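Asker: Following this message is one structure expressed as structure tokens.
Computed from the coordinates by the stated procedures, all read-outs in this text should not be read as laboratory data. It should be emphasised that the depicted structure is a prediction, and the values quoted were computed from it without experimental measurement. All Cβ positions, even for glycine, are placed from backbone atoms using ideal geometry, and neighbour counts span all protein chains on display.
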Amino acid sequence: MNKRILKDFEKMQVINPNAAGIDVGSKSYFVAMEQQRDDVREFGCYTHELHELCRWLKESGITTVA
């Protein structure tokens with residue numbers, strides 16, 4: 001990724017700190033809570049993995065997803 005783009009992205013204002021973004025794919029879900037790469041996790045699409053995803057969001061104080 002271009003360093004300039006990454007720097008501009010990191011400067012974006014956080015509107016809702018209790019929100020996460022979910023990219024739903026056919027084999028996995030990518031969930032981002034913050035603006036750093038370490039804040040993104042991948043989860044599988046089976047029920048037990050989705051329960052793990054929900055637990056992670058709740059434990060992290062996430063109240064909204066998009």
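Asker: Region 18-51: which chymotrypsin sites (Phe, Trp or Tyr not before Pro) are DSSP loop and have at most 13 other beta-carbon atoms within 10 angstrom?
Answerer: TYR46
Asker: Okay, moving on. How large is ³J(HN,Hα) for each residue in region 37-42, as worked out from phi by the Karplus curve 6.51 cos²θ - 1.76 cosθ + 1.60 (θ = phi - 60°), to whole Hz, x for Gly and Pro?
Answerer: Computed from phi, the couplings for region 37-42 are 4, 5, 8, 10, 10, 10 Hz.
Asker: Can you compute 3J(HN,Hα) from phi for each residue in region 57-64, using the Karplus curve 6.51 cos²θ - 1.76 cosθ + 1.60 with θ = phi - 60°, rounded to whole Hz and x for Gly and Pro?
Answerer: 3J(HN,Hα) across region 57-64, in whole Hz: 5, 4, 5, 8, x, 6, 10, 9.
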